[in-house]
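These notes concern the structure reproduced below.
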Amino acid sequence: MKLLLATHNQGKIKRYRNLFSEIKNLELITLADLGITAKVDEPFNTPEENSIHKAREYGRLSNLPTIAIDEAVTTNFLPENEQPGVLVRRFKENRGLSDLEILDLWRGIFKNYPNQDLKFIWDFSLSYYHPETEELKTIKTAQLDSVAIEFSKIIDHGYPMSSFLIPQNLTKTYSELTSEEFLLVDKNNLKPFLDFINNLC
């Protein structure tokens with residue numbers, strides 16, 4: 001089964017190719033494989049709405065069954081009106097931030113919250129759209145991370161926050177995990193996505 005992963009983010013492509021790599025009969029296609037350079041906007045306030053929007057638009061562009069994955073993040077320390085939400089890469093700015101800009105932004109924020117047990121709560125949405133049948137489904141899951149005392153020097157391009165976020169029950173940042181360790185964490189956190197794609201194929 002050919003399935004389009006609707007993202008230009010190379011970090012996301014690597015992550016979900018690894019997550020779905022053991023699924024038989026699945027051929028995961030990227031936008032680059034199809035020569036699609038268009039960038040669909042993310043105009044909504046929830047990851048579910050944005051993933052639905054992207055799955056539909058890229059599904060129509062490609063005429064392939066398509067999945068789009070979007071996320072939002074809240075913290076246990078920022079005021080309600082200052083939570084990043086879906087603006088993970090555009091937080092506090094009206095433009096997409098580079099990996100290094102995101103790291104610098106959070107370094108500055110953390111200085112205001114020393115000696116606290118800082119948590120990041122992620123909400124993930126995967127939307128599936130079939131352009132021929134117009135079938136649409138959305139799956140959700142969540143992930144809880146803590147903040148490292150010191151940023152790792154290893155930057156996972158496309159996922160810069162992995163330099164300071166630590167998975168539950170572990171002591172290393174995401175960027176310092178081996179590929180095997182990272183995959184085990186993802187299989188646990190993103191199990192609903194894995195189950196959905198398995199059933200689809």
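Before we move on, is residue 186 farther than 20 Å from residue 10 by Cα and at pLDDT 95 or above? Against the criterion (farther than 20 Å from residue 10 by Cα and at pLDDT 95 or above), residue 186 does not qualify. Restricting the search to region 122-173, which residues are in a strand (DSSP E or B), among the charged types (D, E, K, R) and either touching a Phe, Trp or Tyr at 6+ places or on another chain (Cβ under 8 Å) or modelled with pLDDT under 95 (or both)? Correct list: 135, 137, 140, 145. Applying the selection to region 31-48, what residues are under 17 Å from the mean Cα position of the chain (by Cα) and part of a loop (DSSP other than H, G, I, E, B)? Selection gives 31, 39, 40, 41, 42, 43, 44, 45, 46.
Looking at region 91-121, which of the residues that are part of a loop (DSSP other than H, G, I, E, B) and either β-branched (Val, Ile, Thr) or in contact with a Lys or Arg (Cβ under 6 Å, 6 or more places away or on another chain) (or both) is nearest to residue 63 (Cα to Cα)? Ranking the candidates gives 96 first. With respect to being of a type in the set (Gly, Ala, Ser), more than 16 Å from the chain's Cα centre (by Cα), surrounded by 13 or more Cβ atoms within 10 Å (Cβ to Cβ) and closer than 22 Å to residue 9 by Cβ, residue 125 falls outside the description.
Looking at residue 56, is it without any contact (Cβ under 8 Å) to a residue 60 or more places away in the chain, closer than 16 Å to residue 126 by Cα and in a helix (DSSP H, G or I)? No. Residue pairs whose Cβ atoms lie under 8 Å apart, separated by 6 or more positions or on different chains, with the first residue in region 25-37 and closer than 14 Å to residue 13 by Cβ and among the polar types (S, T, N, Q) and the second in a loop (DSSP other than H, G, I, E, B) and at pLDDT 95 or above, are 30/7. When residue 97 is tested against (1) within 20 Å of residue 165 (Cβ to Cβ); (2) aliphatic (A, V, I, L, M); (3) modelled with pLDDT of 95 or more, exactly one condition is not met: (3).
The values are calculated or read from the model by the stated rules, or taken from the named source; none is laboratory data. Please read all numbers here as calculations on a predicted model, not as lab measurements. We place every Cβ from the backbone using ideal geometry, glycine too, and count neighbours over all the protein chains shown.
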